[in-house]
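The values are calculated or read from the model by the stated rules, or taken from the named source; none is laboratory data. Quantities reported herein were computed from a predicted structural model and do not represent experimental measurements. In this analysis, Cβ positions are derived from the backbone assuming ideal geometry, glycine residues included, and neighbour counts consider all displayed protein chains. All accessible areas refer to the heavy atoms of the entire protein, side chains included, with ligands and DNA or RNA removed. Shrake-Rupley method; radii C 1.70, N 1.55, O 1.52, S 1.80 Å.
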Amino acid sequence: MSAPGPPEEPRNEASRRVLDIRGLAYAYPDGHQALYGVDLHVHRGERVALLGPNGAGKTTLVLHLNGILNAGAGSVSVSGLPVSKEHLQEIRRRVGVVFQDPDDQLFMPTVRDDVAFGPQNMGVRGAELERQVMEALDKVGMADFADRPPHHLSFGQRRRVAVATVLAMEPEVLVLDEPSSNLDPASRRELADILRGLDVTVLMVTHDLPYAFELCPRSVVLSGGVIVADGSTYDVLTDDVLMAEHRLELPFGFDPRAIGNPTAG
Amino acid sequence: MGAGHGHKLHFHGHSAVHRAPAHLKLATLLVFMLTVVATPREWFPAFGVHLGLVLAVIAVSRVPFGYIGRRMVIEVPFVVFALLMPFVATGPRVDVLGLSLSEDGLLAGWGLLAKGTLGVMASLTLAATTEPRDLLVGLERLRMPSQLVQIIGFMIRYLDVVTDEMRRMKVARESRGFSGNGPRAWAVYARAAGALFIRSYERGERVHLAMLSRGYDGTVRHGSDR
């Protein structure tokens, strides 16, 4: 998907960037500094995993992507539009964030209402709204559950509906916070199939390294508030020194070398 | 209650009462309640008419009387209070079955019992025949301030989540040998309630973040009037 391709002109290169983060630094109001100058570009159509130990600043970074937090220094822009107060609505349409706990995301009485919530805030009404809602539910295989209350669904189904609530806004980049957490293996695989089938740029924050390896050709490691590695997922996961230095560990029995480097062809 | 249908008070059906628009039902309930409360308690036949009305609506809705009856247990504390009134009130006394009771107390107890029972019965009928979501739409139609409708909506949505959390905390307590008896357990319950409050508060903040991320601007539309 993200083949580097022939060298392009700088202007063209910039226009392919869905996410463009430059020198992003942020300290919480209590003085705790979480980010110390993050540089990251994500290109259209890429699926990128954002890896890092607990407390590395991953969630803080995610909250900058749609303007919930405002950069202390540096800048974030989405398809050329800077994340700032005056463009907030458009930024939030372009960047769809799926949070870790689907109960936080799904709060309306029915699945249909919940998926409609985002597009409604963007001013979509009537037949067009209905189309976007059903299309989004279709993409995650939950169209038959449109009239159910979210709390009657299984955890895996709720996670899929949470993805649909964001897809309905037709975002340019889908940001997932720990998408595989608390899922049983079957739900985990179903979600992977859905994500692979989507025609959208994905940034996936995760501790689940096999999941990152399965879904994302490229990985970025955030540690101590800076990006410490950026490369193919295979290269990152097989760099033992880097992995040990940043508290990343492969689960027992999982060895990327045994599976092979998918990008090497 | 078939799968996919509402809450514990709802009784699935397709009667005329079920199909009536929620805002109509809400307005009817409100007018009915005001009438019941305004009826002087000495007008005994009037209460018979009120009761007849409620029973007629329940009959039309085809919700079994036993279904409503069992849920009326919620009224018990008020019943106890109403039954106590003839004993504790002052004024002229009358002898009933060898007990000396206050006349005023008897009347007050009757009034409380009759009005309370009618109110609970009518409300349960509304709850049994209306999905929570339709209630929200109804309230919106009746021009209830949107913030209040949103708060009620959140309550319905998160009641199960918070109850679940409470149950998990209870299981975790008991798994470590806690048995909730006697005043010494009260301190534990107080802390558990505090913890539950903090967790719910934090969840509220996370929900708000998730709403902002989808472009929330202060309005939520529940109905089909989108």
Tell me which chymotrypsin sites (Phe, Trp or Tyr not before Pro) from region B:1-98 have a DSSP coil assignment and no more than 16 other beta carbons within 10 Å of their own.
B:W43
Which of A:G55, A:G23, A:G37 ends up with the largest GNM mean-square fluctuation for chain A, with Cα atoms connected below 10 Å?
A:G55
Checked against the positive end of the charge dipole of region B:16-137 (+1 on Cβ of Lys and Arg, -1 on Cβ of Asp and Glu, about the Cα centre), the farthest of B:H50, B:L99, B:A128 is B:A128
Report the net charge of residues surrounding B:P64, where surrounding means a beta-carbon distance below 12 angstrom and charges are Lys +1, Arg +1, Asp -1, Glu -1.
+3
I need the shape label for chain B. Rule: rounded when a/c is under 1.5, else prolate if a/b > b/c, else oblate, with a, b, c from the alpha carbon gyration tensor.
oblate
With +1 on the Cβ of every Lys and Arg and -1 on the Cβ of every Asp and Glu, the dipole magnitude of region B:145-213 about its Cα centre, in debye rounded to the nearest 20, is 280
With +1 on the Cβ of every Lys and Arg and -1 on the Cβ of every Asp and Glu, the dipole magnitude of the protein assembly as shown about its Cα centre, in debye rounded to the nearest 20, is 1500
Is the C-alpha gyration tensor of region A:77-197 telling us rounded, prolate or oblate? Criteria: a/c under 1.5 is rounded; beyond that, a/b larger than b/c is prolate, otherwise oblate.
oblate
Of every Cα-Cα pair in region B:145-213, the percent that sits beyond 13 Å:
72
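Over the whole of B:127-138, what's the average partner chain Cβ count within 10 Å per residue? Rounded to a whole number, please.
2
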Quote the relative contact order of chain B in percent (integer), defining contacts as alpha-carbon pairs under 8 Å separated by 6+ residues.
24
Cut-off 10 angstrom, C-alpha nodes, Gaussian network model of chain B. Which of B:G215, B:G111, B:G153 fluctuates the most?
B:G215
Given unit charges at Cβ for Lys, Arg (+) and Asp, Glu (-), the dipole magnitude of region B:16-137 about its Cα centre in debye, nearest 20, is 460
In the structure shown, of A:K58/A:K85; B:K115/B:K170; B:K8/B:K170, the pairs separated by more than 26 angstrom at the C-alpha atoms are B:K115/B:K170
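Using DSSP to call loops (not H, G, I, E or B), can you name the chymotrypsin sites (Phe, Trp or Tyr not before Pro) in region A:210-265 whose Cβ has at most 13 other Cβ atoms within 10 angstrom?
Passing sites in region A:210-265 are A:F252, A:F254.
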Among A:L191, A:T201, A:I91, whose Cα lies farthest out toward the positive end of the dipole of chain A, if unit charges sit on the beta carbon of Lys, Arg (+1) and Asp, Glu (-1)?
A:I91
Note on region B:94-226: alpha-carbon gyration tensor, axes a ≥ b ≥ c; rule is a/c under 1.5 for rounded, else prolate if a/b larger than b/c, else oblate; result oblate
What FRET efficiency comes out for the pair B:R62/A:L88, r = Cβ-Cβ distance, R0 = 45 Å, nearest 0.05?
0.35
Sequence gap at least 6, Cα distance under 8 Å: using those rules, report the relative contact order of chain A to the nearest whole percent.
23
Output ³J(HN,Hα) for region A:49-61: one whole-Hz value per residue in order, computed from phi by the Karplus curve 6.51 cos²θ - 1.76 cosθ + 1.60 with θ = phi - 60°, and x for Gly and Pro.
9, 9, 9, x, x, 4, x, 7, x, 4, 5, 4, 4
Ranked by GNM mean-square fluctuation in chain B (Cα springs under 10 Å), the top entry among B:V76, B:V207, B:V57 is B:V207
Working from Cα positions, state the angle (0 to 90°, nearest 10) between the long axis of helix B:146-175 and the longest principal axis of chain B.
80
Accessible area (Å², per residue) of region B:145-213, counting only protein heavy atoms and a probe of 1.4 Å
69
Part-to-part distance (alpha-carbon centres) for region B:109-152 and region A:109-151, which is given in Å:
28
Which one, B:H208, A:P109, B:P86, is farthest towards the positive end of the dipole of the protein assembly as shown when Lys and Arg carry +1 and Asp and Glu -1 on their Cβ?
B:P86
Asked for the total accessible area buried by A and B (1.4 Å probe, Å², nearest 100), one would answer 2800
Ignoring any ligand, DNA or RNA, what whole percent of the accessible area of the protein assembly as shown comes from carbon and sulfur when the probe is 1.4 angstrom?
61
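If the chain between B:D95 and B:M169 were fully stretched, how many nm would it gain, using 0.36 nm times the residue separation less the Cα-Cα distance?
Extra length available between B:D95 and B:M169 comes to 21.4 nm.
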Return the sequence-ordered ³J(HN,Hα) values of region B:181-191 in whole Hz as given by the Karplus equation 6.51 cos²θ - 1.76 cosθ + 1.60 applied to θ = phi - 60°, using x for Gly and Pro.
10, x, x, 5, 6, 4, 4, 5, 4, 4, 5
Report the calculated FRET efficiency for B:I151 and A:V226 (r = Cβ-Cβ distance, R0 = 45 Å), to the nearest 0.05.
0.60
